[in-house]
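The numbers here are math on the coordinates, done by the rules we state, and not lab data. Keep in mind that this is a model prediction, so the values were computed, not measured. Counting neighbours? That spans all protein chains shown, and the Cβs are built from the backbone with ideal geometry, glycine included.
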Amino acid sequence: MLTCNITKTFASENKTAAILTNEIQLLQDLPQPNSMTIDPSLDPEEATAMVQAAQRFYAFWNTGNEALIPKTIVPTFIDNTLPIGRPQGPEGLLFASRNFRKAVPDLQCKIEDLIVVGDKVTARLLFTGTHEGEFLGKKPTGKPIKFMAIDVLRINAGKIIEDWHLEDNLTLMQQLGVVAEN
């Protein structure tokens, strides 16, 4: 009997989530999530603002368009997984994008999954491009790169206030020739 109640509850929540997902207004010219799961307790307007903030953030990573940063990130933005040598705040995002795009000028960012719960958006991302510039002392190989990343963005009033991120840097470093492949 308990299993049946849980199943009914999940079925009901999934129906609500499906209705809510259809109410989300995606920004058409920005990266589109392949899959999206929305907490059914969120107001559709609030969920839309969160999804659109994520779209603008990943459009920045997809294009390097720096004009997207003030539209997406608060000035007091905190990167909770800041790599050594990268400045904190919005300037750190610009620093990372500029430097990585020197090595991979055609960098693309695809949103595989978005999960919107509470004040957070979790994203599973796919980055692709071509190693055309020097990176960490390694000459360009002209070879394609492809690696995954996971982000957790905390959003308030349609802007990202902090994040946590984890990239598959081992795969990336192997593809760039910085680390030997086994």
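The H on the amide N of Glu112, modeled in the peptide plane, is under 5 Å from the matching H of Asn34, Arg124, Leu125, Leu126, each at least 5 residues off or on a different chain. As a calculated quantity, the FRET efficiency between Thr141 and Asn34 at R0 = 35 Å, using C-beta atoms, amounts to about 0.80. Taking amide H atoms as placed 1.01 Å from N in the peptide plane, the amide H of Glu162 lies under 5 Å from those of Ile78, Arg154, each 5 or more residues away in sequence or on another chain. Computed from backbone phi, the HN-Hα couplings of the range 117-134 come to 9, x, 9, 10, 10, 9, 10, 9, 10, 10, 9, 9, x, 10, 6, 10, x, 4 Hz, rounded to whole numbers (Karplus: 6.51 cos²θ - 1.76 cosθ + 1.60, θ = phi - 60°; Gly and Pro given as x). According to the calculation over all Cα-Cα pairs in the range 105-160, the P(r) per 5 Å bin from zero is 5, 17, 19, 17, 13, 12, 9, 6, 2 %. Here the spin labels are modelled as points 7 Å beyond Cα on the Cα-Cβ line, and at Met148 and Gln108 they lie 1.9 nm apart.
Across the range 52-60, rounded Karplus estimates of 3J(HN,Hα) from the backbone phi angles (6.51 cos²θ - 1.76 cosθ + 1.60, θ = phi - 60°) give 5, 4, 5, 4, 5, 4, 6, 5, 4 Hz, Gly and Pro being marked x. The alpha-carbon positions of the chain define a convex hull whose volume is 137 Å³ per residue. For the chain, the longest principal axis of the alpha carbon atoms and the long axis of helix 90-103 meet at an angle near 50°. Of the listed pairs Lys102/Lys146; Lys110/Lys143; Lys120/Lys143; Lys71/Lys138, which have alpha-carbon separations greater than 25 Å here? Pairs exceeding the cut-off: Lys120/Lys143; Lys71/Lys138. Computed from the C-beta positions of Leu170 and Glu91, the FRET efficiency with R₀ = 25 Å rounds to 0.40. Near Ile145, the amide H atoms lying under 5 Å from its own belong to Gly129, Thr130, His131; only residues 5 or more places off or on other chains count, and H is placed 1.01 Å from N.
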